[in-house]
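The values are calculated or read from the model by the stated rules, or taken from the named source; none is laboratory data. Every value quoted in this text rests on a predicted model; they were computed, and no experiment measured them. Glycine also receives a Cβ, built like all others from the backbone with ideal geometry; neighbour counts cover every protein chain displayed.
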Amino acid sequence: MTLMVAGSLLAGCSAQGADGGSPPREGSRTHAATPGAAARPSGGPSATPVFTPDAALVPRTSKEGRGLVGAVVFAPQDWGRRFVAQDPAESTPGTWAVLDDDCRWERRKLPPGVLASLSRYSRLPAGQGKGAVKVTAAATAHSSVLGADEQLSTTLEEVLRCPEQQPRADARITGLNSLGTPFGAREQDYADDSVLEAGQYVRKGGDAQPYLWMVARLGTVVVAVSVTGGTGHTEPELQQLGATALGQMLGRVQQRLKESK
């Protein structure tokens, strides 16, 4: 699955834009480089899902949702040997990230229909002549496929409203491009829907860094990763890091929800 995610997502990204940062979000956002990229990932839930979960294992309660996202979301050691936790290491329980009317990201209470959401923040410290890399891994469990699909649709639409966004007080994300790829399009066969965003993450008084945000849906579960690159890290290296993590998290979703035989 990892190789399919890397190949399909990155081929699409190269047609649309570049990368960049690590805002506190599970929810959404994007800037379309072409009119086609602004379309919904699929126009609705996939008619033929890429994976059919065991209905008895799909989360139906907040407790079940928290158990799923906690097991799926990457911790620092999952990213690699030298990765450590950021401070804070996790998002506030019972919240998810929302882009407000002023294009600023903030955390709000989970809305009806969202069972659970979790983000974990990690970083690769600077060393060996290269700058630090910051990463986010996130997962959200919805009570319906429609709700999960709407999260990806919102992700695509938000950059049209906010082509420049503020993830925190001292940082901006600029130059965003996005690509929505439903199951079956561009040889995408790893998720029911996927969205890739790329841009530049700029901290106050610092240089712009590549930013990448990858989102994918399997049924009622949405997983996402962001990668903010430091000096000396190449775009292919950062893209592979994000694609590998996303693929492995999708694999964890399938393992948790597949029927045992």
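Observations
- Number of positions in the range 87-109 that are surrounded by 17 or more Cβ atoms within 10 Å (Cβ to Cβ) and either out of contact with any Ser or Thr (no Cβ under 9 Å at 6 or more places or on another chain) or not hydroxyl-bearing (Ser, Thr, Tyr) (or both): 7
- Residue tally, condition among the aliphatic types (A, V, I, L, M), assigned to a helix (DSSP H, G or I) and closer than 25 Å to Gln240 by Cα, over the range 150-175: 3
- Val159 being in contact with a His (Cβ under 7 Å, 6 or more places away or on another chain), closer than 23 Å to Ser117 by Cα and in contact (Cβ under 8 Å) with a residue 24 or more places away in the chain: yes
- The listed residues are Ala216, Ala191, and the only one of them that is assigned to a loop (DSSP other than H, G, I, E, B) and under 21 Å from Gly70 (Cα atoms) turns out to be Ala191.
- Test for Arg256: is it within 29 Å of Leu115 (Cα to Cα) and not in a strand (DSSP E or B): yes
- Within the range 193-221, the residues that satisfy the criterion of being at pLDDT 90 or above, surrounded by 24 or more Cβ atoms within 10 Å (Cβ to Cβ) and not aliphatic (A, V, I, L, M) are Asp193, Ser194, Gly199, Tyr201, Gln209, Tyr211, Trp213, Arg217, Gly219, Thr220.
- Identity of the residue in the range 55-85, touching a Leu at 6+ places or on another chain (Cβ under 9 Å) and aromatic (Phe, Trp, Tyr), that ends up surrounded by the most Cβ atoms within 10 Å (Cβ to Cβ): Trp79
- Within the range 111-149, tally of residues that are more than 27 Å from Gln240 (Cα to Cα) and surrounded by fewer than 18 Cβ atoms within 10 Å (Cβ to Cβ): 5
- Helices (runs of 4 or more DSSP H) enclosed by the range 1-110 - at least 3 residues per element that are at pLDDT 90 or above and hydrophobic (A, V, I, L, M, F, W, C): 62-72
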